[in-house]
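Taking it in order: structure first as structure tokens, then the write-up.
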Amino acid sequence: MDLSVFFAGLLTAASAEQRVRGISEWTEHLGADEYLLPLLDDDAPVVREHAGHRRVVEVRAVALVALQDRRRGGGGWPYGPVTVRVAMRVDEAAARARAALDQLHPVERAAVEHRVDTLLRERVEPWPEDRPACRDYAALLLLGRVPYQRQQVDPISLLTPLQVDVYRSQQRSPRPLPQLRFDGPDGPVGYLYRDQTWVIDVDESPVGRQVRALLGRLARADRDRWIAAVHTSDDELAHLRAVAAEVSRWHPCAVVIDPVQAP
């Protein structure tokens, strides 16, 4: 059976969200690289949430991560430099788009807004709740106001320099104590802590995504016990230690109660 039937149509859909879904199906069904390579040039926006903030990312960023994950299985990176940029917060996109459009003559602004509507209709088809953010970002795209970099992929880590900087920045600020810290080869990749509710705060690096997947597997394997340990107890330190006992069987982690211990 040709497994491309599960993802080929999605990867060429008019909806950016469908193309992102196609990337997931491509990963699951071990699709050939050539199906994903065209998406490395796909600048259509989709909205994602990370650490409590909604951000606009491009389809190409999702495709790049999927290809990097696949190539880590062997063979290096034979595809040359790639186009990258930092994900843009939704509020930043709104402010920048408003400022850029306000500088235009009314006739020119109307023409740009018409092109934005066409782009959304033909290449994005955003969810209704994401349409304002995608519209703002599309305006910035058409006005040439999105800053890009062209970077090489490191032959060992298979990451770009920008990805390394972003992953490090995601773990730079202090988190509430007590906390469960998840460790990676170059420092922390995430934390579990209580901030009104319990927060799983891991970065988007390959190791960080492995930790998130591990936490998901543990939760599914023993849902009642996980909820009791993570969501309901009033003793924060007790359930951080309970989770640490489970996670440490698979991934290095440490319960941190003293600011001196925090990186």
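The values are calculated or read from the model by the stated rules, or taken from the named source; none is laboratory data. This one's a predicted model, so the numbers in the text were calculated from it and none came from an experiment. In this analysis, Cβ positions are derived from the backbone assuming ideal geometry, glycine residues included, and neighbour counts consider all displayed protein chains. Each accessible area value is taken on the protein alone, full model and side chains, heavy atoms only, with ligands, DNA and RNA left out. Shrake-Rupley method; radii C 1.70, N 1.55, O 1.52, S 1.80 Å.
Comparison of Leu37, Leu3, Leu30 shows that the only residue that is on the phi > 0 side of the Ramachandran plot and surrounded by fewer than 18 Cβ atoms within 10 Å (Cβ to Cβ) is Leu30. For beta carbons closer than 7 Å, sequence separation of 6+ or different chains, a first residue in segment 30-50 that is more than 14 Å from Ala13 (Cα to Cα) and a second that is among the basic types (Lys, Arg) and open to solvent by 80 Å² or more (accessible area, probe 1.4 Å), the qualifying pairs are Val47/Arg54. Evaluating Val107 against the criteria (1) part of a helix (DSSP H, G or I); (2) surrounded by 15 or more Cβ atoms within 10 Å (Cβ to Cβ) leaves one unmet condition, (2).
Looking at the structure I just gave you, is Arg181 surrounded by 13 or more Cβ atoms within 10 Å (Cβ to Cβ), of a type in the set (D, E, K, R) and modelled with pLDDT of 85 or more? Give the derivation first.
On the way: surrounded by 13 or more Cβ atoms within 10 Å (Cβ to Cβ): yes; of a type in the set (D, E, K, R): yes; modelled with pLDDT of 85 or more: yes.
Yes, satisfied.
Here segment 6-24 is the region considered, the condition is being assigned to a helix (DSSP H, G or I) and open to solvent by 40 Å² or more (accessible area, probe 1.4 Å), and the residue that is farthest from Pro128 (Cα to Cα) is Phe6. The set of residues from segment 87-98 being outside any loop (DSSP other than H, G, I, E, B) and open to solvent by less than 50 Å² (accessible area, probe 1.4 Å) comprises Met88, Val90, Ala93, Ala94, Ala95, Ala97. Are any residues in segment 62-113 touching a strand residue (DSSP E or B) at 6+ places or on another chain (Cβ under 7 Å) and not basic (Lys, Arg), and if so, which ones? Within segment 62-113, Leu64, Pro81, Val82, Thr83, Val84, Ala87, Met88, Val90, Ala93 meet the criteria. Of the residues making up segment 62-81, those that are out of contact with any Lys or Arg (no Cβ under 9 Å at 6 or more places or on another chain) and either open to solvent by less than 50 Å² (accessible area, probe 1.4 Å) or part of a helix (DSSP H, G or I) (or both) number 9.
Name the residue, out of Val84, Val59, that is modelled with pLDDT of 95 or more, buried (at least 19 other Cβ atoms within 10 Å of the Cβ) and under 21 Å from Pro132 (Cβ atoms). Please lay out each step first, then the result.
Details: Val84 fails: under 21 Å from Pro132 (Cβ atoms).
Criteria check complete, one pass: Val59.
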